[in-house]
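Worksheet for the structure shown next.
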Amino acid sequence: MKAIVLSEPGPIETAPLLAMNVPAPVPGGGELLLEVTACGVCRTDLQLVEGDLEARRLPIIPGHQIVGRVAALGSGVSDWEIGDRAGVGWPAGSCEVCGFCRSGRENLCEQATFTGWDRDGGYAEQATVRADWAVRLPERFPDLAAAPLLCGGVIGYRSLRVSGIRPGERLGLYGFGASALLAIQVATHWGCEVYVATRSPGEQQRARDLGAVWAGGYEEPPPVPLDAAITFAPVGEVVLAALKALDRGGVVAVNAIHLDRIPEFPYRHLWWERQIRSVANATRRDAQEFIYLAARIPVQTVADVFPLEQANTALARLKRGEVSGAAVLVTG
């Protein structure tokens, strides 16, 4: 089958991803084989390809926002059928027996594995997934609309939960990329007042168009104290800006797998029971809850579509901020 393979990380400008023919995967026990139709391109993919996120296995096929149809069933699979539509996200598996897994917090399992990092992902014509980690997709979402939901949407939803935001409260979103574009739609559906901080005037206007009551730069404090904030930009200075904007008792949820250092700051910014919390991956419950919530709202997505062979181009455009919504690779 055709696949896009990373053998050695490097700057995306050097085109480190190579298109090649590789043996088609075979589903093991408890697994599904998917014919991939679309795969979202995520900033985490860029961090892996460029080496900011240390590789766990090389060579590796990246991609963890996969939409496809079930083409074959591994032994022991009884709750999926050939032709079913399935999604695959960043989490790929966990030990199932530790205290975190048994309490529904498998995102914290020390043996957790991840799609496109520990096991081959969706930058390919076919991919395998553990059947109990595959996500059922409502038919109302076309493939191109569903793919961006499976990482950016799910982790944005978990970030909302971690922030503790409640309907009617004031929420700050710091950074306004693909994940924030989806989170704001959930937050406004809940009746929250949303305040967006981003450098781009174009993104500020888009935030207003999606229901933000205020949008400005990172250096501009929102006009009112925030009950909670989520940071999407992988920059420590942005976390501090969000913290300064919080009301007493508020939470900053840091939506980033990789973050540069948080600068030193006076304790008064953390005083009054303010909190900084990281958002670590997501659970299967997060994924399924969000997908069906997104179908009810319905959440709107915008896809910049690239053929599979243009994965380097898609990631380079993502790095330069030239993707208008979410980049999606398609096969065939």
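The values are calculated or read from the model by the stated rules, or taken from the named source; none is laboratory data. Every value quoted in this text rests on a predicted model; they were computed, and no experiment measured them. Counting neighbours? That spans all protein chains shown, and the Cβs are built from the backbone with ideal geometry, glycine included.
Just a few scattered comments:
- Scanning region 11-39 for residues that are more than 22 Å from the chain's Cα centre (by Cα) and free of Cβ contacts under 8 Å to residues at least 60 places away in the same chain yields a count of 6.
- Residue count for region 227-250, restricted to those that are closer than 19 Å to Leu181 by Cβ, assigned to a strand (DSSP E or B) and hydrophobic (A, V, I, L, M, F, W, C): 3.
- No other residue among Ser94, Ser103 is among the hydroxyl-bearing types (Ser, Thr, Tyr), surrounded by fewer than 19 Cβ atoms within 10 Å (Cβ to Cβ), assigned by TED's automatic domain parsing to the domain that holds Leu32 and within 26 Å of Asn255 (Cβ to Cβ) apart from Ser103.
- Region 251-292, residues that are part of a helix (DSSP H, G or I), surrounded by fewer than 16 Cβ atoms within 10 Å (Cβ to Cβ), out of contact with any strand residue (DSSP E or B) (no Cβ under 7 Å at 6 or more places or on another chain) and not charged (D, E, K, R): Tyr267, His269, Tyr292
- Which numbered condition Ala92 misses (of (1) under 26 Å from Arg158 (Cα atoms); (2) assigned to a strand (DSSP E or B); (3) in contact with a Leu (Cβ under 8 Å, 6 or more places away or on another chain)): (3)
- Only one of Arg158, Arg208 that is touching a residue at least 60 places away in the same chain (Cβ under 8 Å) and outside any strand (DSSP E or B): Arg158
- Selection of region 293-322 for residues being in a loop (DSSP other than H, G, I, E, B) and either β-branched (Val, Ile, Thr) or loosely packed, with under 13 Cβ neighbours inside 10 Å (or both) yields Ile297, Val299, Gln300, Thr301, Val302, Arg320, Gly321, Glu322.
For (1) among the polar types (S, T, N, Q); (2) without any contact (Cβ under 8 Å) to a residue 24 or more places away in the chain; (3) within 27 Å of Gly121 (Cβ to Cβ), each residue gets a yes or a no:
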position	(1), (2), (3)
Leu240	no, no, no
Arg268	no, yes, no
Trp272	no, no, no
Ala287	no, no, yes
Leu293	no, no, yes
Gln310	yes, yes, yes
Val328	no, no, yes
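- Which numbered condition Thr44 fails, given (1) in a loop (DSSP other than H, G, I, E, B); (2) modelled with pLDDT under 95: (1)
- Subset of region 51-88 that is assigned to a loop (DSSP other than H, G, I, E, B) and among the aliphatic types (A, V, I, L, M) - its residue that is nearest to Ala124 (Cα to Cα): Ile61
- Those residues of region 230-268 which are aromatic (Phe, Trp, Tyr) and under 22 Å from the mean Cα position of the chain (by Cα), in sequence order: Phe232
- Scoring Leu182 on the criteria (1) closer than 20 Å to Val299 by Cα; (2) outside any loop (DSSP other than H, G, I, E, B); (3) more than 16 Å from the chain's Cα centre (by Cα) leaves a single failure, condition (3).
- Residue selected from region 2-39 under the condition of a type in the set (A, V, I, L, M, F, W, C) and assigned to a loop (DSSP other than H, G, I, E, B), by the criterion surrounded by the fewest Cβ atoms within 10 Å (Cβ to Cβ): Val26
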